Amino acid sequence: MANNQQKKRVKLPHTDTQKGEKHNIHTRKPRSNKNPMQTTEDFNTRSANEHKKRNFKPQFKSEYTKDANAIENRKWVGENKHAARQRKERHEDEKHEDGTRKIKAPTEKGNLSFHKDLKKGVEVNTKIQKGSLNPHHKLNLNTNAKVRITPLGGLGEIGGNMTVIETEKSAIIIDIGMSFPDDSMPGVDILIPDFHYIQSIKNKIAAVVITHAHEDHIGAVPYFYKQFQFPLYGTPLALGLVGNKFEEHGLKQYKSLFHIVEKRSPVRIGDFEIEWIHITHSIIDSSALAIRTEAGVIMHTGDFKIDHTPIDNLPTDLHRLAHYGEEGVMLLLSDSTNSHKSGVTPSEASVGPTFDNLFKNATGRVIMSTFSSNIHRVYQAISYGLKYNRKVAVIGRSMEKNLDIARELGYIDLPNNVFIEAHEVLQYPDEEVLIVTTGSQGETMSALYRMATDEHRHIKIKPTDMVILSAKAIPGNEGSVSAVINLIMKAGAKVAYQDFSEIHVSGHAAQEEQKLMLRLIKPKFFLPVHGEYNHIAKHKQTAIACGVLEKNIYLMEDGDQIEVNPNYMRKVKSVRTGKSCVDNQANRHIDNDVINERNLLANDGIFILTLRMDMQRKKILEHRINVFGILGQKEEVELAKFIMDNIHMHFGNAKPTIFKDAKSLENDLFSVLRKLLFKRFKKYPAILVNVLIDGEVRQKMAQNAPHQENNVVNAPLESMLNENSNNLIISNPSKFSFM
């Protein structure tokens, strides 16, 4: 129908011409703008006056054919060839097959059109660039699929990293790490996440996946596998170190659950397709994770830095990260540890020249301490030891095992004849010895600490030693590190620590590296992780500067459950989180009640009262008072008199029922002592009351030692406590109060 109408409109002007009449455009009535023949751009851009001045009398010649596109084939034929040439030049701005736009040099009158073309090119290219920055249009906005993210550790702290990612049917756990206790937790070696939430979803958990082998990411794995057993996926080094922990904890049978992954090769795990992507960090074989779900792709960077000159010459796989960024990433979780640090983190290779200088100038032994997991740092130290003809003694259980695993798996190559045992160190001149050891965090049980306190069997710090601490104190460990440095310096040795800017480099990305990661991934939603609140808040500002919308960023805390769909991100609930305390030497958990009791003992002290009673006569035969952490020895006599005077006064007015048995009397005395001690010290120390009934004690002692029966009557309380200590069981343990 449209084509027929066009044909009619083309034929109408030529009706008279076909009858032999001349057709002049200047004598015809103006045609309606709706007439397609009057819409030629060149004609409409010229005014009637301009045509008259130039005596322009064009004739319209129809080259109409039966083709439906006849209108596009019409031509103007006239006397003004200059105008035709300008028209032709303007229309040569056409897009070629190779995607470029060719523009011939315009005439002076064509400058306006030329600049319009340039501006159009700018607009097109800007649109293309902006489209590449935010490829969110590639996300499936019509899907109802959703994913939930639940951090159980690693936020509000440095360490203890553990995150659950789940769909309606499946869940995975990313890392299960440990953290260090603070001064309020006496006797606690490490902290591990609370696994209560895992118990509630254990039927949907498909696997545990590991990003890398640092203790704050794998340190709690053996404690987790004592309760739960799921498939465990990771790179060779991570699985090697976890396997070593399993052997220490008697979990060797669970190594059958290990699955070794290949980087750049996605693995199907439950509802997820997960790809491990190589990144650089302060431990080798670290990975980021690309997690494909029905809702969209989730990227987890793990701990990372972007080191272009790593020791193993295997830099971060930027190409693979960019691949997912171009594909369209729904959510990014990224390392926030160094979010306050401007610029970039120096390369691990930058430590080498500092080591070289220190080794060259050392006149005695060199003792280098760093994190046992920093294989490349240890490798560099040993390499410079070889350069300066030093034998190497590796001291510290974790250091020895990590180095052995790295050598066995082929991550580093060192000759066997360079190593010596700790007991062989004294057989070599000091200038020919390098000791690589643990203890960079000032741990009291570490090899370096024991060397500094003369407690190590073979090695003691000497004035000629050069001690290199190639590590930065973890937040909370500053006091311990300072203490061990003081001990080393008191022994006369030199210490190289923070006075050399590149004696240690971080394994975490600074701001410029974080920006690069954000630009490569280009996420729609962003969850900064791995750090205290101030770290993730600063990372948020960096993300906003890199184009992530503020409304699409959420600052999580441990236990927050975040639901994500391509159209939204929101918090849906909070789950139970916390920390479990572990005595690493005894390899056991410590209840929170025990920690509270220890703190009470440390803060308020303990008061112990032991009485030998004649219950029938309501008479105290003997007493003993022990006080710890309340007052000095000189004041104990005065306190004992104050307490006993009040007890005698109390017995004179007490009801007979309190003398019914030892338990009743202990309960009564506990209440009396609590009031007296608070009145005197304004504290509630731990109170322990032991009541020994005279007849029962003599009977038990007679049973255990019949030949001493004649001496029991006059035996002093001290003697009975020593000789019959097995019978001095607290008759009411609840009176060991911590209120």
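Computed quantities for the displayed model
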{"quantity": "Residue match in the stretch 189-203 (condition: within 16 Å of the chain's Cα centre (by Cα), at pLDDT 95 or above, among the aliphatic types (A, V, I, L, M) and closer than 22 Å to VAL582 by Cα)", "calculated": "no"}
{"quantity": "The stretch 603-618 - residue that is aliphatic (A, V, I, L, M) and under 13 Å from LEU665 (Cβ atoms) and, of those, modelled with the lowest pLDDT", "calculated": "MET615"}
{"quantity": "Complete set of residues in the stretch 264-319 that are under 21 Å from TYR411 (Cα atoms) and of a type in the set (Lys, Arg)", "calculated": "ARG264, LYS305"}
{"quantity": "Qualifying positions in the stretch 668-683 - surrounded by 16 or more Cβ atoms within 10 Å (Cβ to Cβ) and either out of contact with any Leu (no Cβ under 8 Å at 6 or more places or on another chain) or not in a helix (DSSP H, G or I) (or both)", "calculated": "ASP668, PHE670, VAL672, ARG674, LEU676, LEU677"}
{"quantity": "Test: residue in the stretch 269-281 that is of a type in the set (A, V, I, L, M, F, W, C), outside the structural domain of GLU443 (by TED's automatic domain parsing) and either assigned to a loop (DSSP other than H, G, I, E, B) or closer than 27 Å to LYS579 by Cβ (or both)", "calculated": "no"}
{"quantity": "Out of LYS573, LYS524, sole residue that is of a type in the set (D, E, K, R), crowded, with 21+ Cβ neighbours inside 10 Å and outside any loop (DSSP other than H, G, I, E, B)", "calculated": "LYS524"}
{"quantity": "Selection status of VAL164, buried (at least 24 other Cβ atoms within 10 Å of the Cβ), of a type in the set (A, V, I, L, M), touching a strand residue (DSSP E or B) at 6+ places or on another chain (Cβ under 9 Å) and not in a loop (DSSP other than H, G, I, E, B)", "calculated": "no"}
{"quantity": "Failed criterion for GLY652 (all others in (1) surrounded by fewer than 17 Cβ atoms within 10 Å (Cβ to Cβ); (2) touching a helix residue (DSSP H, G or I) at 6+ places or on another chain (Cβ under 6 Å) hold)", "calculated": "(2)"}
{"quantity": "Matching option when the condition is β-branched (Val, Ile, Thr), closer than 24 Å to LEU237 by Cα, modelled with pLDDT under 95 and surrounded by 14 or more Cβ atoms within 10 Å (Cβ to Cβ), among THR337, THR438", "calculated": "THR438"}
{"quantity": "Every pair of residues 6+ apart whose Cβ atoms lie under 7 Å, when the first sits in the stretch 323-346 and is at positive phi while the second is part of a loop (DSSP other than H, G, I, E, B) and buried (at least 17 other Cβ atoms within 10 Å of the Cβ)", "calculated": "GLY328/LEU139; GLY343/ALA510"}
{"quantity": "Residue within the stretch 443-461 that is under 16 Å from ILE503 (Cα atoms), touching a Leu at 6+ places or on another chain (Cβ under 7 Å), surrounded by 14 or more Cβ atoms within 10 Å (Cβ to Cβ) and not assigned by TED's automatic domain parsing to the domain that holds ASN338 present", "calculated": "no"}
{"quantity": "Subset of the stretch 287-314 (residues that are among the basic types (Lys, Arg) and surrounded by fewer than 22 Cβ atoms within 10 Å (Cβ to Cβ))", "calculated": "ARG292"}
{"quantity": "Hits in the stretch 464-499 (condition: surrounded by fewer than 16 Cβ atoms within 10 Å (Cβ to Cβ) and more than 20 Å from ILE395 (Cα to Cα))", "calculated": "PRO475, GLU478, GLY479, SER482, ALA483, ASN486, MET489, LYS490, GLY492, GLN498, ASP499"}
{"quantity": "Some residue of the stretch 328-340 being in the same structural domain as THR211 (by TED's automatic domain parsing), closer than 16 Å to ILE277 by Cα and touching an Asp or Glu at 6+ places or on another chain (Cβ under 8 Å)", "calculated": "yes"}
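Conditions (1) within 30 Å of GLN511 (Cβ to Cβ); (2) touching a residue at least 40 places away in the same chain (Cβ under 8 Å); (3) assigned by TED's automatic domain parsing to the domain that holds PRO566, marked per residue:
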| position | (1), (2), (3) |
| --- | --- |
| GLN229 | no, no, yes |
| PHE258 | no, no, yes |
| ALA290 | yes, no, yes |
| MET299 | yes, yes, yes |
| LYS305 | yes, yes, yes |
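The values are calculated or read from the model by the stated rules, or taken from the named source; none is laboratory data. What you see is a predicted model; the values in this text were computed from it and never measured. We place every Cβ from the backbone using ideal geometry, glycine too, and count neighbours over all the protein chains shown.
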